[in-house]
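This report refers to the structure that appears directly beneath it.
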Amino acid sequence: VAFIWWRALLVLFGFMGLGNSLWITVAPIVSAVFLGITGGLLIWDLEHPMRFFMIFTHSQWRSWLVKGAYVIAAYSLVLGIHLALLVIAISKPDLTFSILRWLVFPGIILSALTAVYTAYLFAQAKARDLWQSPLLPPHLLTQALLLGSAVLLPFAVWNGSFNEPVGYLSFPRPGFPLLWMLAIATLLHL
Amino acid sequence: MVAGELSLTHATAHTRAAIWEMTRGRYRSFFWAGIILSALGGVLPVIVLAGQLPIMEGVPLIAPAVAVGATPLALLGLALYEHAYVQAGQSVPLA
């Protein structure tokens, strides 16, 4: 049960500027931690956990479990590149920023897919009528935005995102859009 | 979205039974606690944001740090709701 909302945590992109530490460090690290927990739980939940690699070597493409595994793997790759670039940034900050800027696009798409694919997985459980709702994909996306903004909020207060522009690429006071996102997503979900 | 899903006409008896289990049956305490905590988690940022509106000039500003209180409310509220939703979906016997 728990991995559903943990997975929703993975959508931790915001509309703060590229120079903000919320996006540069906090979001990818928190995402990587929860993605690792999600992956571990998914493998542990398999009937034969030690054979998890067969999802990739003998892929059954009609199953959303398989499609989801590929989505998670692709998102892990994006996060891995992001975290590796943080190490390179120490010596080559300009190069790092230019790559990170482009990494935003696959990151946003894959994080949204990671949050939403469970709806399609649930829909394949044909005997469970409650889970056949066509509202489930937007439902999970809203939950992901809610949880992402909720988790980032304490960090936004801590790093001064409510006070003044942070870094030359930042929007002014990016904490406020984050707060709007939390308020709207939480109330919309109800 | 939750309200919409609950109030729609449900196509099957299985769905109706699952919704009943979630809102009035075995999982009602998880469900309603989740809804109440989520609502509080949503209202708190709205109060802080409302203080920033131009029409609220003269009213003392609420520090954004106060909205951090919404984080545990929203997280716990959603976890409880999801628990109720997933369990209720599996609670109806298949045969």
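The values are calculated or read from the model by the stated rules, or taken from the named source; none is laboratory data. In this text, all values refer to a predicted model and were calculated from it rather than measured experimentally. Don't worry about glycine lacking a Cβ; one is built from the backbone with ideal geometry, like all the others, and counts go over all protein chains shown.
Details
- Counting only helices (runs of 4 or more DSSP H) wholly contained in the range A:93-190, the ones carrying 1 or more residues that are modelled with pLDDT under 90, closer than 30 Å to residue B:91 by Cα and hydrophobic (A, V, I, L, M, F, W, C) occupy A:93-123, A:136-158.
- Residue in the range B:4-19 that is free of Cβ contacts under 8 Å to residues at least 60 places away in the same chain and either closer than 24 Å to residue A:177 by Cα or in contact with a Phe, Trp or Tyr (Cβ under 7 Å, 6 or more places away or on another chain) (or both) present: no
- Pair list, Cβ < 9 Å and 6+ apart or interchain, from the range B:76-95 residues that are in a helix (DSSP H, G or I) to residues that are surrounded by fewer than 20 Cβ atoms within 10 Å (Cβ to Cβ) and among the polar types (S, T, N, Q): B:80/B:29; B:84/B:23; B:84/B:29; B:88/B:23
- Within the range B:80-95, the set of residues being more than 7 Å from every other protein chain (Cβ to nearest Cβ) and either touching a Pro at 6+ places or on another chain (Cβ under 7 Å) or buried (at least 19 other Cβ atoms within 10 Å of the Cβ) (or both) comprises B:80, B:81, B:84, B:85, B:92.
- Taking the range B:57-77 as the range and being among the hydrophobic types (A, V, I, L, M, F, W, C) and surrounded by 13 or more Cβ atoms within 10 Å (Cβ to Cβ) as the test, the residues that pass are B:62, B:65, B:66, B:67, B:68, B:70, B:73, B:74, B:75, B:76.
- Note on the range B:20-41: among residues that are of a type in the set (D, E, K, R) and surrounded by fewer than 18 Cβ atoms within 10 Å (Cβ to Cβ), the one that is farthest from the chain's Cα centre (by Cα) is B:26.
- When A:93, A:138 are checked against the criterion of being out of contact with any helix residue (DSSP H, G or I) (no Cβ under 6 Å at 6 or more places or on another chain) and within 14 Å of chain B (Cβ to nearest Cβ), a single residue qualifies: A:138.
- Search result, residues across the range B:43-79 that are of a type in the set (Gly, Ala, Ser), at negative phi and either more than 8 Å from every other protein chain (Cβ to nearest Cβ) or in contact with a Leu (Cβ under 8 Å, 6 or more places away or on another chain) (or both): B:50, B:51, B:63, B:67, B:69, B:70, B:74, B:77
- Subset of the range B:6-19 (residues that are surrounded by fewer than 16 Cβ atoms within 10 Å (Cβ to Cβ), assigned to a helix (DSSP H, G or I) and not basic (Lys, Arg)): B:6, B:7, B:13
- Among the numbered conditions (1) surrounded by fewer than 20 Cβ atoms within 10 Å (Cβ to Cβ); (2) under 19 Å from residue A:22 (Cβ atoms); (3) of a type outside the set (Gly, Ala, Ser), the only one that residue A:181 does not meet is (1).
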